[in-house]
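Accompanying notes for the structure given below.
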Amino acid sequence: MEEIKKYNYLVTGGAGFVGSNIVEFLLNNGAKKVRVLDDLSNGHLKNINPFMNDERFEFIKGDIRDLDTCKKAVKGIDYVAHQAALGSVPRSINDPITTNDVNVGGFLNMLVAVRDSDVKRFIYAASSSTYGDHQALPKVEENIGKPLSPYAVTKYVNELYADVFAKTYGVETIGLRYFNIFGPRQDPNGAYAAVIPLFMKAVYDNESAYMNGDGLQTRDFTYVANAVQANVKAFFAPKESANEVYNVAVGERISLLDLWNNLLEISGKNIPVIHRDPRQGDVRDSLADISKIKKGIGYNPSHTLAKGLKETYEWFIQNIDFVNS
């Protein structure tokens, strides 16, 4: 990736799970400068502490809901990887106003800041939640349904704004519809933790995990290295591939019950799960068609679910003090 070395990058939400993995990859591959903008509401300083002594790294503590902060953050930047958002369907159901303020208002601020700067391209984290109640599998970018949660609404609005800014102002954007990203640094703590780190913590602690519903709902779980690859390839994709939205996934699905059993097999343990009521706003089944992103930006997932699960569990048990800090 020789191109990486020529440019300066901004990663919003760079102290978070996906963002910090992007930062690490860029620095390890010779980026001129990597700046992080994060208000630490979801992210953690521990995720970026390893980079603090690198003279190519800069951290701005700030909120994307403030336009001046966004304009400061994009100054001198060539490429933006916009990862900052309030994730979680349940959080958005509990607090739709804050979710909208951050995910829509903050997103719009970033687009305006990019429009008024010399940024070459704006890559943003979209979401598979945009497919909503559309039943067909696999999920194809052009066919979406109605959103099932306030979070899903905000992520769809991001795509609409990106399209308008491309057509109206000439801003180059690429949206990456993430399908259930997991991997190292994903936080198992807190009310809105994702399922894989929750499962891993339960297995490590020899405790039963809670499973919403019957556990037969399926997901296209995607290892974080695949998401990092998608962002980096999106930076340098041909101009004709810009101003599009792409699925970022593996193209295979697994039920939550099978996921739990796979983790038990990796860990060598035997622990039952505890079922509880289905979660409001959840999509029942998810599976991505990834042919568009393969053709458009040259994406090719490096990790299957099985490989990613194994690597994540090994990281988890080797870094349990980090996880619990």
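Any read-out appearing in this document is the output of simple, stated calculations on the displayed coordinates, not a laboratory observation. Everything numeric in this text was worked out from a predicted model, so none of it was measured. Here Cβ is always computed from backbone atoms with ideal geometry, including for glycine, and neighbour counts include all displayed protein chains.
Sorted from fewest to most neighbouring beta carbons within 10 Å, what does the list THR304, THR99 look like? Intermediate results must be reported in sequence, preceding the final value.
Details: THR304 16, THR99 24.
Least crowded to most crowded, the residues run THR304, THR99.
Using a cut-off of 15 Å between beta-carbons, work out the net charge of the residues near GLY175 (Lys and Arg +1, Asp and Glu -1, GLY175 not included).
Numbers: positive: ARG121, LYS139, LYS155, LYS167, ARG177, LYS233, LYS292; negative: GLU141, GLU142, GLU159, ASP163, GLU172, GLU244.
Counting the neighbours of GLY175, the net charge comes to +1.
How high is the relative contact order of region 40-117? Use alpha-carbon pairs under 8 Å, at least six apart in sequence, and give a whole percent.
The value is 37 percent.
So which GluC sites (Glu not before Pro) in region 1-85 are both in a DSSP loop and have at most 14 other Cβ atoms within 10 Å of their Cβ? Before the final figure, lay out each step's value.
Values: sites: GLU2, GLU3, GLU24, GLU55, GLU58; in loops: GLU55.
Sites meeting the loop and neighbour criteria: GLU55.
Along the charge dipole of the chain, Cβ charges K/R +1 and D/E -1, which of TYR192, ASN261, THR304 sits furthest on the positive end?
So the residue we want is THR304.
Helices from the chain with mean Kyte-Doolittle at least 1.0 and a Cα length along the axis of 15 Å or more, per DSSP H: which? Intermediate values should be presented prior to the final figure.
Details: long enough: 17-28 (17 Å, 1.20); 150-169 (27 Å, -0.09); 224-236 (19 Å, 0.85); 256-267 (16 Å, 0.65); 305-318 (19 Å, -0.35).
Helices meeting the span and hydropathy rule in the chain are 17-28.
Give me ILE77, ILE293 ranked fewest to most by other Cβ atoms within 10 Å of their Cβ, as a rough exposure proxy. Mind showing how you got there, number by number?
Working: ILE77 21, ILE293 28.
Ranking ILE77, ILE293 by Cβ neighbours within 10 Å, fewest first, gives ILE77, ILE293.
In terms of modelled amide H atoms, which long-range or inter-chain residues lie less than 5 Å from the amide H of ILE174?
PHE122, ILE123, TYR124, ASN243
Need one number: nm distance between label points at ASP68 and LEU264, each 7 Å from Cα along Cα→Cβ, rounded to one decimal.
5.7 nm
Starting from the Cα of LYS146, step 7 Å toward the Cβ, then list every residue of region 258-283 with an amide N under 20 Å from that point.
Label zone hits: 279-283.
Looking only at the chain, where both bridge partners belong to it, what percent of the DSSP beta bridges are antiparallel (to the nearest 5)?
5 percent
Sort region 44-97 into rounded, prolate or oblate with this rule: let a ≥ b ≥ c be the square roots of the eigenvalues of the Cα gyration tensor; rounded if a/c is under 1.5, and if a/c is not under 1.5, prolate when a/b is larger than b/c, oblate otherwise. Before the final figure, lay out the partial values.
Details: a/c = 2.64, a/b = 1.54, b/c = 1.71.
The shape class here is oblate.
Based on the Cβ-Cβ distance from ASP277 to LYS120, what FRET efficiency comes out when R0 is 45 Å, to the nearest 0.05?
Details: r = 47 Å, r/R0 = 1.05.
After rounding to 0.05, the efficiency reads 0.45.
With each label point set 7 Å from Cα along the Cα-Cβ vector, what nm distance links ILE97 and LYS167?
My value for the distance between the label points is 3.3 nm.
Just report the Cα centroid separation between region 1-60 and region 274-307, whole Å.
One Cα centre to the other: 25 Å.
How long is the gain from LYS5 to GLU240 if the chain were fully straight, where each residue apart is worth 0.36 nm and the alpha carbon distance is subtracted?
On the way: separation 235, 0.36 × 235 = 84.60 nm, distance 2.30 nm.
Taking 0.36 nm per residue and subtracting the Cα distance, the gain is 82.3 nm.
Given +1 on the Cβ of Lys and Arg, -1 on the Cβ of Asp and Glu, and no further charges, what dipole in debye does the chain carry about its Cα centre, rounded to the nearest 20?
Values: 36 positive and 39 negative charges, 114 e Å.
Charge dipole, the chain, about its Cα centre: 540 debye, nearest 20.
What GluC sites (Glu not before Pro) in region 140-198 are in a loop by DSSP, with at most 10 other Cβ atoms within 10 Å of the Cβ?
Values: sites: GLU141, GLU142, GLU159, GLU172; in loops: GLU141, GLU142, GLU172.
Of the GluC sites (Glu not before Pro), the ones in loops of region 140-198 whose Cβ has at most 10 other Cβ atoms within 10 Å are GLU142.
Show that you can apply the helix-only estimate: for the chain, add -39,500 (n - 2.57) for every DSSP H stretch of four or more residues, divide by all residues, and state [θ] at 222 nm to the nearest 500.
Value at 222 nm, helices only, nearest 500: -11000 deg cm²/dmol.
Over region 221-295, what is the relative contact order in whole percent, taking alpha-carbon pairs under 8 Å and six or more residues apart? Mind showing how you got there, number by number?
On the way: 38 pairs, mean separation 33.7, N = 75.
Computed over region 221-295, the figure is 45 percent.
So which of LYS201/LYS292; LYS61/LYS233; LYS139/LYS310; LYS5/LYS61; LYS33/LYS71; LYS72/LYS201 end up more than 29 Å apart by C-alpha? Show your work: numbers first, answer last.
Values: LYS201/LYS292 35 Å; LYS61/LYS233 27 Å; LYS139/LYS310 26 Å; LYS5/LYS61 25 Å; LYS33/LYS71 17 Å; LYS72/LYS201 38 Å.
As for pairs spanning more than 29 Å Cα to Cα, those are LYS201/LYS292; LYS72/LYS201.
Using a ≥ b ≥ c from the Cα gyration tensor of region 261-325 (square roots of the eigenvalues), is it rounded, prolate or oblate, where a/c under 1.5 gives rounded and otherwise the larger of a/b and b/c decides, a/b for prolate?
Numbers: a/c = 2.12, a/b = 1.31, b/c = 1.62.
Taking the square roots of the gyration eigenvalues as a ≥ b ≥ c, region 261-325 is oblate.
Can you tell me, using C-alpha contacts under 8 Å and at least 6 residues apart, the relative contact order of the chain as a whole percent? Present the calculation step by step, with values, prior to reporting the outcome.
Details: 652 pairs, mean separation 54.2, N = 325.
This gives 17 percent for the chain.
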